[in-house]
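These notes concern the structure reproduced below.
The values are calculated or read from the model by the stated rules, or taken from the named source; none is laboratory data. This structure is a prediction, so every number in the text was calculated from the model and none was measured. Using ideal geometry, Cβ is built from the backbone for each residue, glycine included, and neighbour counts are taken over all protein chains shown.
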Amino acid sequence: MTADSYEDIAANKGDVIPALEVPPQDLYHARSFWTRWIFCQDAKIIGIQYSITAIAIGLVALVLSWLMRLQLGFPELVPFIGAAEYYQFVTMHGMIMVIYLLTALFLGGFGNYLIPLMVGARDMVFPYVNMVSYWVYLLAVLVLVTSFFVPGGPTGAGWTLYPPQAITSGTPGGDGLGIILMLISLSIFVVGFTMGGLNYVITILQARTRGMTLMRMPLTVWGIFTATVLALFAFPALIVSCIMMTLDNLLGTSFFMPALVEFGEQSEYSGGSPILFQHLFWFFGHPEVYIVALPAFGIVSDLISVHARKNIFGYRMMVWAIVIIGALSFIVWAHHMYVAGMNPWFGFFFATTTLIIAVPTALKVYNWVITLWKANIRLTIPMLFALAFIVTFVNGGITGLFLGNVIVDVPLSDTYFVVAHFHMVMGIAPVLVVFGAIYHWFPLITGRFLHEGMGKFHFWVSFLGSYAIYFPMHYLGFVGVPRRYYEMYDSEYMTVSTNYLNQFITIVALIVGFTQLLFLYNIITSAKFGKKAGKNPWKACSLEWRTPEVPAGHGNFGKELPVVYRWAYDFNVPGAKEDFIPQDIAPNQVPEAEAEQT
Amino acid sequence: MKKKETIFQLLMQKPWDPAQAKIDNTHDGETLNLSKGKLGLRYIMVVSSIFFSLFIVTYSDRLVFADWQQMPEPLLLWFNTLILFISSAIFISTQTASKNNQFEKVKQKLLIIGYLALAFLLGQLFVWIQLINLGYYVSTNPANAYFYVFTALHGLHLIGGLVYWLMTIRKVWIPSDIVVANTKHTVELCAIYWHFLLAVWVVLFGLMLFS
C-alpha cells in the first residue's frame, strides 16, 4: 500500500497556524546499545518491553490453564497434579492473567506506545521514571516467578488470596514462602505501576500538542487515561491489604486473622477480620475489571471507526460513558461478596449500583453497533476481532446482570457459571481487543503487516474456540458444578454429561491454546519478513500514523510537532477527495471538504 | 479547565462542530495551569493520601472492639512531632530565600532540614525501642500493630522524601546543575512534600492520641 495523498499537503502547510513555540523538551538520547534497547527511556521501547514481558508471563499462565483443563477433563493423563498443584495453578493463572498480563499490557504496553504518539508529544513527561516503572514491573514478575521454585511452591489461595486460609498451613504455599512472595510481588507491582501511571496521566493532561483538546483525543487515550485514574484510586487498596497480610503472616499481627484452631492447636491470632480483607481486596478488585476494560473499550472504538470508515457514533457519549463507568466502578465492589454473610440491605445497595453500571456500558455497545450501521465496513483482521469483542462483551455482560442480583447470585455463586461469566467479560473480551490492537498497530511498530492467512485462522479458532469453551460452562454452572474443585469424576451428583462436557472443553482449550503459539510465530516472522505496510496503511486519522518516519523515530515527530485541526474521526467527510482527513490537516488544505452540520 | 472551563463544559464540547473547531485550534495542549512537576507531586500526594486513608478506615473499623488497648505516648513522640514542625517552618523560610535568589542560605537550610529529618527518623526508632522494652510488641494488640505500621510507613515516606531532598541539594550545590528557575521549582516541590508529610503525621498522631 502506498502512502496516503496527505503526505504532500502536510509538508506544504501554507497559511495555517504555526506550531506552538515550546521550550525544547529535554529529550533523552541513547548513547549505547544498553541505553537504547535495555535501559531505555523512550516510551516506545518501554511499551515494547512491557508488552514482551507481559506476553511472556501470560504464556506461563496459558500453560497453567492447559494443565488445569487436563486435570478436569483427563485426570489420568496428568497424575502429577494433585489438589495442591491444582490450586496453585488456578491461583497463579488468575493473578498473572489479570494483573501481570492484562493490566500491564493495556496500560504499560499500549499506554506507553500510543499515548505520546496519539496526543502529539515527543515522549512521556518523566522518561526516567517511566523506565524505572518498567524495571520495577519486571522485578515484580521475577519475584512472582521465583515463587514457583521455593519449597512448598507458589500460593494456592485462589487469586483473591482470602485470609485466613491464604496464610494457614493447610493451603499450598500458605505456611511457606509462596504467599509472601506473592504479596511482595503485588506490592512491587503497585509501586511500579504508580510510577507509570504518573507519566500517563500527566502526559495526557499537560503535554498534548497544539490544538489537541481533551475532547479531540482518540477514545483509546480516553480509555487509558480513565483506567489509569481508576488505578490511582484502586491500587492503594491492594497494597494496603498486601502490607497488612504480610504483617499478619510474618510478625503475627491480627489485622485479618481471627482466633482459630489449626490442626488442633489454638493459633496466636485473635480478633482480626477476614471480611475487612475482602472489602479492601474488592475495593481494588472491581475497579481492576474496568482498569482492564476501559482501555479495551477505547481501543475497540478506534478499531471500529477506522475499519468501518465512519466517525464513531456519539463521541461525547462515549467519553461520558467511560468517565461514568469509571466513577461507578468504585461503588459496586461488594457484589463480589454476597455470600460473605453481609447484611442483605447492603447487598441490595450494591445490586442496584451494579445494575446502574449496565446503562453507560450498554450505551457504548449501542454506539459501536450504530457506528457500523450503513458503514463502509472492511472485514480486516482488526475489525473481525473488534466485532467479536462486541458480541463477547455483550454475552459476558448479560450474565453479569444475572450475577449482579443477590437472589440469582446466591445459588450460582462458586459455580462454573461465574467462571464462564468473568472469562467472557474480562478474559476473552479484552484479549480479543488485544489481538485486534496488535494486528492494527503492528504496521506502526514494525512497518509490516502480520500474515493475513495465519491471522484469519488465529481469529476464527480463537473466537469460535473460546465460545466452545465458555458456553458449556454456563450449563455446568446451572447444573451445579462447583468451581475450584480439582476433581469431580466420582461425585455422585455429577451427571455423565458434565464429564463429557469437561473433556470437550479441555480438548478445545488445548486447540485454542496452541493457536496462540501460531500467533506468536506470526508476530516473530512477520516482524522480519511480513508484507511492507508503508505509512498509514489503514488510512486512519489519528496522529500516531502521521509521524515523518514509520516506525516513529526518536522524538516521534521530526523537527516540528504536528498541529491538530480536527478530531480523530473525520472519515468520509462530504466533498473530501479521500475518505478520511488526518487530524493535522488544516481546513484550508482540504477546501473541498464540507463542514458537518450539527 | 484552563481558562476557567469546568469539567462539565469540557465534556459538553462538540469537537466536530466548526465553531468549536476554531476555538480548539488555538488550544495550547495544556489542561491545567500547573507545571508538570507540581502536577506530578499532587499525583503522588493523592495516591499516598488514599493509601493512608485506607489504613485509617481499617483502623477506625478495628478500634471499636473490646480487645483494643490504647498505647502510651512516650514524650519522645511529642519531641519528634516538634522536629517535624520545625523542619517545615525552616522549609518555609528556605522557600523565601530561594525566591530571593539567596542560594547560600538555601544550602544551609536544606542541610539543617536533612539533619532534622534524620533526627526524626532516629527519634522514631528510639520510640520503637522504648516501647518494645516496655513489652508493647507489634503482635500483642491491634493498637500496637497500627502504631508500628503508621510510624513505619510515614518513615518510609520521609525516606522517599530524603531521596528527593538529595536531588534538590544537588541542584543547589553543583554549579553546573544550577538553572535558577529549575532550582527554585525543585525547592518548592520539596517543601510542599515536607509540609504534606507533616500533615500526614499530625493526622496519624492525632488519630492515635484521641482514639
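Remarks
- So A:Ala509, is it closer than 30 Å to A:Asp579 by Cβ and in contact with a helix residue (DSSP H, G or I) (Cβ under 9 Å, 6 or more places away or on another chain): no
- Checklist (1) touching a Pro at 6+ places or on another chain (Cβ under 6 Å); (2) farther than 23 Å from B:Ile56 by Cα applied to A:Pro274, failing item: (2)
- Here B:Arg62 passes the criteria (1) within 14 Å of chain A (Cβ to nearest Cβ); (2) loosely packed, with under 13 Cβ neighbours inside 10 Å except the one numbered (2).
- Checking the stated criteria, A:Trp567 turns out not to satisfy the condition of being over 19 Å from B:Asp28 (Cα atoms) and either touching a residue at least 60 places away in the same chain (Cβ under 8 Å) or out of contact with any Pro (no Cβ under 9 Å at 6 or more places or on another chain) (or both).
- Some residue of segment B:20-30 being more than 10 Å from chain A (Cβ to nearest Cβ), in contact (Cβ under 8 Å) with a residue 12 or more places away in the chain, out of contact with any Pro (no Cβ under 8 Å at 6 or more places or on another chain) and over 20 Å from B:Gly155 (Cα atoms): no
- Boolean, B:Ile169 is assigned to a helix (DSSP H, G or I), closer than 23 Å to B:Ser88 by Cβ, among the aliphatic types (A, V, I, L, M) and within 14 Å of chain A (Cβ to nearest Cβ): no
- All of B:Ser88, B:Ser98 fail the test of being buried (at least 18 other Cβ atoms within 10 Å of the Cβ), touching a Phe, Trp or Tyr at 6+ places or on another chain (Cβ under 9 Å) and more than 13 Å from chain A (Cβ to nearest Cβ), apart from B:Ser88.
- The condition of being loosely packed, with under 14 Cβ neighbours inside 10 Å and charged (D, E, K, R) holds for only one of B:Asp24, B:Asp67, that being B:Asp67.
- From A:Arg309, A:Arg316, residue being of a type outside the set (Val, Ile, Thr), in contact with a helix residue (DSSP H, G or I) (Cβ under 8 Å, 6 or more places away or on another chain) and either surrounded by fewer than 18 Cβ atoms within 10 Å (Cβ to Cβ) or not in a helix (DSSP H, G or I) (or both): A:Arg316
- Exactly one residue out of B:Phe103, B:Phe120, B:Phe150 is more than 19 Å from B:Trp201 (Cβ to Cβ) and of a type in the set (Phe, Trp, Tyr), and it is B:Phe103.
- Subset of segment A:581-598 [within 14 Å of chain B (Cβ to nearest Cβ) and within 31 Å of the chain's Cα centre (by Cα)]: A:Ile581, A:Gln583, A:Asp584
So that you can scan it fast, the table gives a plain yes or no per residue for (1) surrounded by 19 or more Cβ atoms within 10 Å (Cβ to Cβ); (2) small (Gly, Ala, Ser); (3) within 14 Å of chain B (Cβ to nearest Cβ):
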position: A:Arg122; (1), (2), (3): yes, no, yes
position: A:Val132; (1), (2), (3): no, no, yes
position: A:Val141; (1), (2), (3): yes, no, no
position: A:Pro154; (1), (2), (3): yes, no, no
position: A:Ala157; (1), (2), (3): yes, yes, no
position: A:Gly173; (1), (2), (3): yes, yes, no
position: A:Leu177; (1), (2), (3): no, no, no
position: A:Met182; (1), (2), (3): yes, no, no
position: A:Ser185; (1), (2), (3): yes, yes, no
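For every residue, the table says whether it meets (1) modelled with pLDDT of 95 or more; (2) within 18 Å of the chain's Cα centre (by Cα); (3) of a type in the set (Val, Ile, Thr).
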position	(1), (2), (3)
A:Thr35	no, no, yes
A:Tyr50	yes, yes, no
A:Thr53	yes, yes, yes
A:Gly58	yes, yes, no
A:Ala61	yes, yes, no
A:Leu64	yes, no, no
A:Met68	yes, no, no
A:Phe74	no, no, no
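- Test result for A:Lys364, assigned to a helix (DSSP H, G or I), among the basic types (Lys, Arg) and either buried (at least 21 other Cβ atoms within 10 Å of the Cβ) or away from chain B (no Cβ under 14 Å) (or both): yes
- Residue count, segment B:145-161 (criterion: within 15 Å of B:Thr81 (Cα to Cα) and among the aromatic types (Phe, Trp, Tyr)): 2
- Residues located in segment A:443-481, provided they are over 20 Å from A:Gln516 (Cβ atoms), free of Cβ contacts under 8 Å to residues at least 60 places away in the same chain and crowded, with 20+ Cβ neighbours inside 10 Å: A:Pro472
- Qualifying residue in segment B:123-134 (condition: in a helix (DSSP H, G or I), touching a residue at least 60 places away in the same chain (Cβ under 8 Å), more than 9 Å from chain A (Cβ to nearest Cβ) and over 17 Å from B:Tyr193 (Cα atoms)): yes
- Checking A:Met257 against (1) of a type outside the set (Lys, Arg); (2) within 9 Å of another protein chain (Cβ to nearest Cβ); (3) touching a Pro at 6+ places or on another chain (Cβ under 7 Å), the condition it does not meet: (2)
- Selection from segment A:194-229 of residues that are of a type outside the set (Val, Ile, Thr), in a helix (DSSP H, G or I) and either facing chain B (nearest Cβ under 10 Å) or surrounded by fewer than 23 Cβ atoms within 10 Å (Cβ to Cβ) (or both): A:Met195, A:Gly197, A:Leu198, A:Asn199, A:Leu205, A:Gln206, A:Leu214, A:Met215, A:Arg216
- Residues being within 23 Å of B:Val46 (Cα to Cα) and either under 24 Å from the mean Cα position of the chain (by Cα) or not hydroxyl-bearing (Ser, Thr, Tyr) (or both) are entirely absent from segment A:258-269.
- Subset of segment A:230-253 (residues that are hydroxyl-bearing (Ser, Thr, Tyr) and in a helix (DSSP H, G or I)): A:Ser241, A:Thr246
- Candidate set from segment A:388-402 (those that are hydrophobic (A, V, I, L, M, F, W, C) and touching a residue at least 12 places away in the same chain (Cβ under 8 Å)); member that is farthest from A:Ala540 (Cα to Cα): A:Phe402
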